[in-house]
Amino acid sequence: MNKVSFEVPSISCGHCVNTIQTEVKEIPGVLEVWADAEQKTVLVEYQDPASEKNIIKLLEEINYPIKE
């Protein structure tokens, strides 16, 4: 199992949190997702076949790009 944390500056409300958690959980291999509007962070626990690259790509697709 892997854990990764991202800074996502565009998280601003509960709706953003819900959208991120719902969408990222649909990636095969994602075990858990925590998004925090106050901290503007997303923490993901995952295993194969999910990858950090898959998660970043999905966040970009749903208009929540990570801060690099």
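The values are calculated or read from the model by the stated rules, or taken from the named source; none is laboratory data. Worth saying up front: this structure is predicted, and the values here are computed from it rather than measured. No Cβ is skipped: glycine too gets one built from the backbone with ideal geometry, and neighbour counts run over all protein chains shown.
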remark   = Given the conditions (1) in a loop (DSSP other than H, G, I, E, B); (2) at pLDDT 95 or above, every one holds for residue 68 apart from (2)
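So which residues in the stretch 13-39 are in a loop (DSSP other than H, G, I, E, B) and surrounded by 11 or more Cβ atoms within 10 Å (Cβ to Cβ)?
Hits for the stretch 13-39 are 27, 29, 37, 39.
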key: Matching residues in the stretch 19-68 - criterion: being within 13 Å of residue 5 (Cβ to Cβ) and basic (Lys, Arg)   = 40, 67
message = I need the full set of residues from the stretch 1-15 which are free of Cβ contacts under 8 Å to residues at least 60 places away in the same chain and among the hydrophobic types (A, V, I, L, M, F, W, C), in order please.
response = 1, 4, 8, 11, 13
note = Exception for residue 22 within (1) under 18 Å from residue 60 (Cβ atoms); (2) out of contact with any helix residue (DSSP H, G or I) (no Cβ under 6 Å at 6 or more places or on another chain); (3) touching a residue at least 24 places away in the same chain (Cβ under 8 Å) falls at (3)
